[in-house]
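The values are calculated or read from the model by the stated rules, or taken from the named source; none is laboratory data. Computed from a predicted structure; not experimentally measured. Cβ: placed from backbone, ideal geometry, glycine included. Neighbour counts: every protein chain shown. The area values use the complete protein model at the heavy-atom level, side chains included, leaving out ligands, DNA and RNA. Shrake-Rupley method; radii C 1.70, N 1.55, O 1.52, S 1.80 Å.
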Amino acid sequence: MRRMRNQLTIAAVSFVLGLLVVTQLRAQASGSGLGGMSSQDLTVFVANLNAGIDQRRQEIAALERDLATLAANQDRGVVSLGQVRDELSSIRAYAGLAAVVGPGVTVSVAGPIDGPTLEDLINELRGAGAEAIAIGGIRIVAGSAVTGGPGDVEVEDSPLDDTFEVSAIGGAETLTGSLTRSGGIVAQVAATSPDVSLTVTPVERLELPATKRNLVPEHGSPRL
Amino acid sequence: MAGTGLRAWAGHRIRSIPSWQITLGLALLGLGFLIAAQLATERPRIRYTTQERAPLIETAIDLQESQATLSAQVLQLRDQILALEQQGQGTNAAIRELNDELEDARLAAGLIPLRGTGVVFQLEDSVEPAGAVENERDYLVTARDLRTMVEELWLAGAEAIAINGERVVPTTSIIDIGGLILANSAYLSPPYQISAIGSEDLYEQVVSSPGFADLVRARQDAYGIRIGYLEPEQVDIPAFAGTVTLRNARPAPSEAPAAGDGG
């Protein structure tokens, strides 16, 4: 009788142990912290992932076309200068090395905005799909820094006036919607910095300049 | 004699413990360890229990895997194109020149992985308990913390930056969704490692900046966010695996290339 009770005790403890091992392994495997998200946040996360996947699929389709053309040209023993120039032009536009045109929005900033808030605005524009951004006529690229306290903001070491414009090329409707949505950056700034005003205007055609920075790295080498 | 006595005592004790007690003891030890591990895994994120979350979580996990596969495919195709371009340039000087320009443009756009001197900063959630009236989220690393770190690195002269392997490019947004941080629409799992290539004194440049001192004061000193760093001999920064295809922007007319073919 006593032996049976001991065996039952071990069985019960082993069962709980097994259950916990499985739970722990699943938590480690997903490793994603998704368990801490609300349904609403998860929905936003899934929408973000879907957008990222769509973009990557389009990129893959474009790259496959380029690859097929390159391979076909090589088989024929020719190189298309036009194709290389188009690709160069497109990558230079993306990187900020070339001036670009397109639809988008301008955000007129008035009042003593600070660097971190302006950085939040840039981040919001990028999140909404902005393809090119300029502040006060300075193209924002990888490496551009926005600094300074209220009313004392600098972009790439150039001080900004009391009022200036942030211009962004992208889907004008999407950009406007993202900035002006309830709880978006315009509302946040209105709540936290009442002296600062952000006015968003959709624009049919913007022209943004090229950066003046040298973006080719000196301390890093290609790792091919 | 004393030794003989001790062995006899020990032998007697071991024989007197039934094997089931040892098994049970070990199982309970494992149980305790797992309960502690489970609690540690859950802390400090808030947990929700609604049923509709399970399919959403599964969808998110599947989509993350798809995104990672597609990113790898993008990088592979770019490598194949680069290899073909280099093969095809032959002795044509014009093509060589264009390909050199193309490589510079790709370097500027973050499409080529880099290796060089630099620094790796690591940001981790606080392990300090939040007070009763405090917001638990203040004790977690936020997207703004990462953006501040990136900004300070650019200011200190960094040439290329990646966060947990996601290259920071002109279109990179770093955002909070719930308790998660996304960069280039990819989920970043803590701890957050911000790798940067730059001059050999990049670390000194960063830590001596007022902006970094503000970050340490506001996040490490106030909430226990852990900020560490490494200075490996070489820092590796991967290529950007997202899209560089512009849908709305196009080169300004003055920048448009002349069309032409050569053989």
Distance between modelled label sites at A:T69 and B:S254, nm, 7 Å Cα→Cβ extension: 2.7 nm
Residues with amide H under 5 Å from that of A:V100, placed H, sequence gap 5 or more: A:L208, B:A252
Most mobile listed residue (A:T211, A:T163, A:T43) in chain A, GNM with C-alpha springs under 10 Å: A:T43
Test item: B:234-247 mean partner chain Cβ contacts at 10 Å: 5
Cα gyration tensor shape of chain A, rounded if a/c is under 1.5, else prolate or oblate by comparing a/b with b/c: oblate
Low-density loop positions, trypsin sites (Lys or Arg not before Pro), segment B:164-263 - DSSP coil, at most 15 other Cβ in 10 Å: B:R247
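Where does the charge balance sit around A:V189 when Lys and Arg score +1, Asp and Glu -1, over other residues with C-beta under 14 Å from its C-beta?
Working: positive: A:R181; negative: A:D114, A:E119, A:D120, A:E124, A:D195.
Neighbourhood net charge equals -4.
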Interchain or long-range residues, amide H under 5 Å from A:A132's placed H: A:I169
Residue-averaged beta-carbon neighbours from other chains (10 angstrom radius) around A:6-18: 3
Dipole of the protein assembly as shown, positive direction: furthest Cα of B:A105, B:L70, A:A99, with charges on the beta-carbon: B:L70
FRET efficiency estimate (nearest 0.05) - Cβ-Cβ, B:R226 to A:E204, R0 45 angstrom: 0.40
Vicinal HN-Hα couplings computed from phi for segment A:101-114 (Karplus, 6.51 cos²θ - 1.76 cosθ + 1.60; Hz; Gly/Pro x): 10, x, x, x, 9, 10, 10, 7, 10, 10, x, x, 6, 10
Theoretical gain in end-to-end length, A:R213 to A:D54 [0.36 nm per residue, Cα-Cα removed]: 54.1 nm
Distant-in-sequence amide H partners of B:L114 (H built 1.01 Å from N, under 5 Å): A:R223, B:I237
Under Karplus coefficients 6.51, -1.76 and 1.60, residue-wise ³J(HN,Hα) of segment A:161-168 in Hz, glycine/proline x: 6, 5, 10, 8, 10, 9, 10, 9
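What value, in deg cm²/dmol to 500, does the helix sum -39500 (n - 2.57) over DSSP H runs of n ≥ 4 give at 222 nm once divided by the residues of chain A? List each step's numbers first, then the result.
Numbers: 6 runs with 112 residues, N = 224.
The per-residue figure over chain A is -17000 deg cm²/dmol.
Counting only other chains, what is the mean number of Cβ atoms within 10 angstrom of the Cβ of each residue in peptide B:172-183?
Details: counts 4, 10, 3, 6, 1, 10, 11, 7, 10, 1, 6, 0.
Counting Cβ atoms of other protein chains within 10 Å of each residue's Cβ and averaging gives 6.
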At 1.002 mPa s and 20 °C, Stokes D of the protein assembly as shown from Kirkwood alpha-carbon radius, µm² per second: 84 µm²/s
Summed buried accessible area for A+B [probe radius 1.4 Å, Å², rounded to 100]: 9700 Å²
Order by protection proxy (mean Cβ within 10 Å, highest first), peptides B:168-175, B:130-137: B:168-175, B:130-137
Segment A:154-176-segment B:57-130 distance, computed between alpha-carbon centres (Å): 28 Å
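Between B:L24 and B:D79, what length in nm is gained on full extension when 0.36 nm per residue of separation is reduced by their alpha carbon distance?
Numbers: separation 55, 0.36 × 55 = 19.80 nm, distance 5.73 nm.
Stretched fully, the B:L24-B:D79 segment lengthens by 14.1 nm.
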Inter-label distance for A:D86 and A:F15, nm, one decimal - labels placed 7 Å from Cα along Cα-to-Cβ: 6.8 nm
Approximate spin-label separation A:A190-B:Q86, in nm, with each point projected 7 Å along Cα-to-Cβ: 5.5 nm
³J(HN,Hα), Karplus 6.51/-1.76/1.60, whole Hz, each residue of segment B:108-116, x for Gly, Pro: 5, 7, x, 8, 10, x, 10, 9, x
